[in-house]
Amino acid sequence: MQVIYIACAYATVYLIYVKFKATYDGNHDTFRAEFLVVPVGGLAFLVNHDFSPLEIMWTFSIYLESVSILPQLFMISKTGEAETITTHYLFFLGLYRALYLINWIWRFYFEGFFDMIAIVAGIVQTILYCDFFYLYVTKVLKGKKLSLPA
């Protein structure tokens, strides 16, 4: 499964930077990624399970994943609307993360496993999606194009 996951990740990067490069809108993509990466990196050094390089990198990836949707949401908010396929993708990506909450409850109840870093990061990510979920349910599912107030 790991090989398939890595192959899919490389295929996605190829599609973004080669095949669909012309669809990139640099005029609206003004989100400064360093405003996410630097604080997340600092937090990974400060709050982790074990101060080792692999643990810090894992913690960094968990924290970064929880806020990685912000550039996309920022761009949608800036342009005021999004393509239907993009809204479906974002909804199901958020739903996937929200379902992790059920997984953590299940694992705690049946296995006694509790990882505070992953749970807090997942809750933060789900909260970031809440406004988008509301707009998706009230507009896209009723056949309207998603438009956000600027």
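The values are calculated or read from the model by the stated rules, or taken from the named source; none is laboratory data. What you see is a predicted model, and the numbers here were worked out from it, not measured in a lab. Note that each Cβ is placed from the backbone with ideal geometry, even for glycine, and that neighbours are counted across all protein chains shown. We work out accessible area using only protein heavy atoms, side chains counted, and drop any ligands, DNA or RNA first. Shrake-Rupley method; radii C 1.70, N 1.55, O 1.52, S 1.80 Å.
Looking at (1) at pLDDT 85 or above; (2) open to solvent by 30 Å² or more (accessible area, probe 1.4 Å); (3) part of a helix (DSSP H, G or I), which is the only condition F51 fails?
(3)
Report whether or not G112 is touching a Ser or Thr at 6+ places or on another chain (Cβ under 9 Å) and either free of Cβ contacts under 8 Å to residues at least 24 places away in the same chain or of a type in the set (G, A, S) (or both).
no
Might you check whether a residue that is modelled with pLDDT of 85 or more, open to solvent by 100 Å² or more (accessible area, probe 1.4 Å), out of contact with any strand residue (DSSP E or B) (no Cβ under 6 Å at 6 or more places or on another chain) and of a type in the set (S, T, Y) occurs anywhere in segment 65-79?
Checked segment 65-79: no residue is modelled with pLDDT of 85 or more, open to solvent by 100 Å² or more (accessible area, probe 1.4 Å), out of contact with any strand residue (DSSP E or B) (no Cβ under 6 Å at 6 or more places or on another chain) and of a type in the set (S, T, Y).
Of all residues in segment 8-32, count the ones that are surrounded by 11 or more Cβ atoms within 10 Å (Cβ to Cβ) and either touching a strand residue (DSSP E or B) at 6+ places or on another chain (Cβ under 6 Å) or among the hydrophobic types (A, V, I, L, M, F, W, C) (or both).
Adding up the residues that qualify gives 4.
Give the residues of segment 88-131 that are open to solvent by 70 Å² or more (accessible area, probe 1.4 Å) and not in a helix (DSSP H, G or I), sorted by residue number.
Of everything in segment 88-131, those that are open to solvent by 70 Å² or more (accessible area, probe 1.4 Å) and not in a helix (DSSP H, G or I) turn out to be F113, F114.
Within the set of pairs 6 or more residues apart or between chains, which connect a residue that is without any contact (Cβ under 8 Å) to a residue 12 or more places away in the chain inside segment 38-63 to a residue that is surrounded by 12 or more Cβ atoms within 10 Å (Cβ to Cβ) with Cβ atoms less than 7 Å apart?
F45/I56; E55/N48; E55/H49
Filter segment 93-130 down to the residues that are among the charged types (D, E, K, R) and closer than 24 Å to L43 by Cα and list them by number.
In the first step, residues of segment 93-130 are kept if they are among the charged types (D, E, K, R); the result is 97, 107, 111, 115.
Matches in segment 93-130: R97, D115.
Residues V47, V67, V37: which one is more than 16 Å from the chain's Cα centre (by Cα) and of a type in the set (A, V, I, L, M, F, W, C)?
Being more than 16 Å from the chain's Cα centre (by Cα) and of a type in the set (A, V, I, L, M, F, W, C) holds for just one of V47, V67, V37, which is V47.
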